[in-house]
Amino acid sequence: MNTLDPTTFAPLERAAQDPVAYATEWKERTGGLVIGSFPMNFPSELVHATGALPVIVQESRTTITEGRSLLPEFYCSYTRSLADQAATGELEVFDAFVLVDHCVQLLGAADVIQRVIPDKPLHFTQFISSMDDAWSRGAVEEKVQAMRAEVEESTGVTVTDESLTASIRVFNENRRLLREFFDLRRTGRLHIPASALQVLVKSSMVMDITEHTALLQQLLDRLDTLSSAPEHLVRLHLSGHFCAPPRPELLNLLEECDVVIVNDDLYHGSRYISTDVPKDGDPFAALASWYLDRNVNVPCATRVQLDVDWQSYLVDTLADSGAEGVVTLQAKFCEPLMLYYPELRRTLGERDIPELLIETEHEGLAAESIRTTIETFVERIRRQRSKQLLPA
Amino acid sequence: MQWYTMGVDLGSTTAKAVIVDAAGEIVASRVVQMGAVSRQAVGVAIESVLEDACLSSEDIARTISTGYGRRLVPGADKTFTEITCHARGAAALSPGVRLVIDIGGQDSKAIAVDDDGLVDRFALNDRCASGTGRFFDVLCRALEVDLDEVVDLALAGTENLEVSSMCATFAETEVISLLAQGSAPADISASVHRSVAARTLGLVAQVGKAIPAVMTGGVAQNKALVTFLSDALGQDLVILDTPQIAGALGAALIARDEYQGQLGLTVQDIETDRQLVAQRSGGLRDCTGCDGHLGDGHAHDHDGGSRRPVPVILQTDALSAAGPSPR
């Protein structure tokens, strides 16, 4: 297995584990504003162009306590955690919040945040979810301008073409470097824990992007000799899990069962870094293009596009990575994924691609039961391998 | 030279050990009751089964462990999950099986078995203990009877009371509440069994109904549950003589397969493949196109209209391609 330089990796890991501590320290250091955004489609470049720190608000690992009375138990763990963070003061570091996604549960959490901490501005501008109508592009461009006005109001800074173009450049560079890690993993030339890759992506969502890019470059420069995963490991694709990352313990548990994760479509993974913002032309229109292109590059259950579907993308990407099976990680009560999952399962089943669903929760991890499930899944894939070796 | 392999299943309440010979025949088996996952109990099970088989540990070519305590079994060469092992063991004990319902002390599983008698799809109960052996322990405690009496009571029950099937702890509270309201213990026991059957049906639905269906695990010895579950499924269940050893037997057979592979005796030629298939299938008839449902003109009336489950003939792809046996 490859080793990521521990000195360079440590600050990334700290920021990923405690984004609020990082933002607090950044604020003290720079005196700047910290703007929180909610997943999955807010263009952080817009906030960055004002000089503020854009931070995608993460699910907290603390036990949900006071937040239990603010949202029902049948809301997903991310939104319940947001409500709890609002109630327990964990969101104090943020000066304002922005979101462009329309998930009903997320909007419920936004309502709670507004009620519990009314002094923090919260701006919602809904990006259209029908991606290929004649009016889709115009509608998104209009909403980008609306969000620009909201961000400018919260920060007191005007976003110019020049400042936004510069921000687009640094975010594109950051995504490019992150994709290098993912590309190396997919081609089998990089073997590091999935939880370490998650740290790289998650920290990019919460850290100063220039600082993050410098650390990524250092990691790549100091990467030891590239090594491939042992042949006996079963190659899997991780799918699902929007908004919040799967727990690192779950990723480690998967890999303890003779598994190597070769690709994913997780939000805290390939989905987040899949698409660059076009660097030429009107930078505000470019943000709209980025939003529309993302659903083509890694389709999402929350978006509608006639000629794009997640299951076709998944089948194609499996061929590309050589993954032998798919593990779908589903946050309990995540409605978009719950509604889409039957289609995914049916498509994979028709192609005899092994698929396993694991439901995740904020509270705890039924480790032994999950281990048994994964090991059985791996045993089944191994049997398929050996069947293929039988003489015809 | 004769050789043997061993399978050890360390579950939540019992340790099971099985020894098979090179032909896959059971030489000896043991089930040892214990309080919880226990190294001591597994030691007793291994020593006892060796003694029963008149063998020593040196005679065992390979050992595979399974069950929740599989990593605690001393001397195991490898581990496999109880899902894989129960499927393999059930296929050996009931050739042609397509669905295995395994209910143990702490968990329950539905396993769809493919043409080769191996796991195709599977579903486990959630972290809750409802529908498991522990659930019946709770019922016994609440009714202040032992397990045999609880089964007899359930079979005698007539009224269908509403009992939650969602939580063992809450179910106990409900049982006490029903007793306080004057409900008959027989009706309470029957209703609890019925709710467990409904919960198990939900598990089976995740992998799909199929026949023949076999019950394994300790709870397969509960005649009342078998009756209620058969009703819920709308099909007969094959009951094994020794349902508790299915996992350990599967482990022993997988160990045998692996050791054969080491010796170069693995399935490399079509004739060996035929022998293995014949051993698994028992030459029973195929119920072509059947999805396990009765009715709509489809009755399991093979074997003279006995309505017994109809096993299918197992075939490997290689065997199909080779055509019929010359013998």
Farthest positive-ward along the stretch A:193-243 dipole, Cα basis, beta-carbon charges - from A:214, A:239, A:201: A:239
Positive dipole terminus of chain A, leading residue within A:98, A:147, A:181 (C-beta point charges): A:181
Can you list the residues, at least 5 places off or on another chain, whose amide H is less than 5 Å from the amide H of residue A:328, using H built in the peptide plane? A:239, A:356, A:357, A:358
Once the other residues with Cβ under 12 Å from the Cβ of residue A:286 are scored (Lys, Arg +1; Asp, Glu -1), what is the net sum? -4
Kindly express, to the nearest 10 degrees and within the range 0 to 90, the angle between helix A:194-206's C-alpha long axis and the longest C-alpha principal axis of chain A. 10 degrees
Rounding to the nearest 10 and keeping the result within 0 to 90°, find how far the Cα-based axis of helix A:77-87 lies from the longest principal axis of chain A. 30 degrees
For residue A:352, what accessible area in Å² do you get when you roll a 1.4 Å probe over the heavy atoms of the protein chains, rounding to the nearest 10? 100 Å²
Let me cross-check residue A:251: its accessible surface, 1.4 Å probe, with only protein heavy atoms counted, in Å² to the nearest 10? 0 Å²
On each of the three principal axes the extent of the alpha-carbon atoms of the stretch A:26-163, given in whole Å and largest first, is 44, 42, 22
Which value, in Å², gives the accessible area per residue of the protein assembly as shown when a 1.4 Å probe is used on the protein heavy atoms? 41 Å²
Starting from the residue with the highest accessible area, list A:294, A:189 in decreasing order, probe 1.4 Å. A:189, A:294
Everything considered on the Cα gyration tensor (a ≥ b ≥ c; rounded for a/c under 1.5, else prolate if a/b is larger than b/c, else oblate), the stretch B:99-239 must be described as prolate
Ignoring ligands, DNA and RNA, please state the percent of accessible area on the protein assembly as shown from carbon and sulfur, probe 1.4 Å. 51 percent
For residue A:146 and residue A:107, compute 0.36 nm times the residue count separating them, minus their Cα-Cα distance, and round to one decimal in nm. 12.2 nm
On each of the three principal axes the extent of the alpha-carbon atoms of chain A, given in whole Å and largest first, is 71, 47, 46
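Helix-only mean residue ellipticity at 222 nm, chain A, DSSP H runs n ≥ 4 weighted -39,500 (n - 2.57), per residue, nearest 500. What is it?
When only DSSP H runs of four or more count, the value is -16500 deg cm²/dmol.
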Only Lys, Arg (+1) and Asp, Glu (-1) charged, at Cβ; the protein assembly as shown dipole about Cα centre in debye: 800 debye
On the full set of protein chains, 1.4 Å probe, figure out the accessible area of residue A:14 and give it in Å² to the nearest 10. 150 Å²
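Please compute the average number of Cβ atoms from other chains found within 10 Å of each residue's Cβ in peptide A:363-376.
4
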Accessible surface, 1.4 Å probe, highest first, among residues B:12, B:65, B:29: B:29, B:12, B:65
Lys, Arg +1 and Asp, Glu -1 on Cβ, resulting dipole of the stretch A:26-163 about Cα centre, debye, nearest 20: 340 debye
What translational diffusion coefficient, in µm²/s and rounded to a whole number, does the Stokes-Einstein relation yield for the stretch A:155-290 at 10 °C and a viscosity of 1.306 mPa s, taking the hydrodynamic radius as the Kirkwood radius over Cα pairs? 98 µm²/s
Filtered GluC sites (Glu not before Pro), the stretch A:10-81: DSSP coil and at most 14 other beta carbons within 10 Å: A:73
Spelling it out for residue A:53: with amide H atoms placed in the peptide plane at 1.01 Å from N, the residues 5 or more places away or on another chain with amide H under 5 Å from its amide H are A:33, A:34, A:35
Under the Karplus relation with 6.51, -1.76 and 1.60 and θ = phi - 60°, whole-Hz ³J(HN,Hα) for the stretch A:357-368, x at Gly and Pro, equal 9, 10, 8, 10, 9, 5, 8, x, 9, 6, 4, 5
Quick one: which residues, 5+ away or cross-chain, put their amide H under 5 Å from the amide H of residue A:235? H built at 1.01 Å from N. A:260, A:324
Using only the alpha-carbon atoms, what does the protein assembly as shown span along each of its principal axes? Please give whole angstrom values in decreasing order. 84, 67, 54
Under a 10 Å cutoff between Cα atoms, tell me which one of A:53, A:329, A:184 has the largest fluctuation in the Gaussian network model of chain A. A:184
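Based on Cβ point charges of +1 for Lys and Arg and -1 for Asp and Glu, what charge dipole magnitude is obtained for the stretch A:260-327 about its Cα centre, in debye rounded to the nearest 20?
The dipole of the stretch A:260-327 has a size of about 220 debye.
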To the nearest 10 degrees, how steeply does helix A:104-116 sit against the main Cα axis of chain A, on a 0 to 90 scale? 40 degrees
From highest to lowest solvent-accessible area (probe 1.4 Å; ligands, DNA and RNA excluded), A:115, A:29, A:179, B:134 read A:115, A:29, B:134, A:179
Among A:301, A:70, A:251, the residue whose Cα sits farthest towards the positive end of the charge dipole of chain A (+1 at Cβ of Lys and Arg, -1 at Cβ of Asp and Glu, taken about the Cα centre) is A:251
Compare A:336, A:246, A:54 in a GNM of chain A, Cα atoms joined below 10 Å, and give the one with the largest fluctuation. A:336
Cα pairs beyond 25 Å in the stretch A:1-103, in percent, come to 27 percent
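The values are calculated or read from the model by the stated rules, or taken from the named source; none is laboratory data. Here the structure is a predicted model, which is why all the values come from computation and not from measurement. Neighbour counts are summed over all protein chains in view; Cβ atoms, including those assigned to glycine, are modelled from backbone coordinates with ideal geometry. With ligands, DNA and RNA removed, areas are computed over all heavy atoms of the protein, side chains included. Shrake-Rupley method; radii C 1.70, N 1.55, O 1.52, S 1.80 Å.
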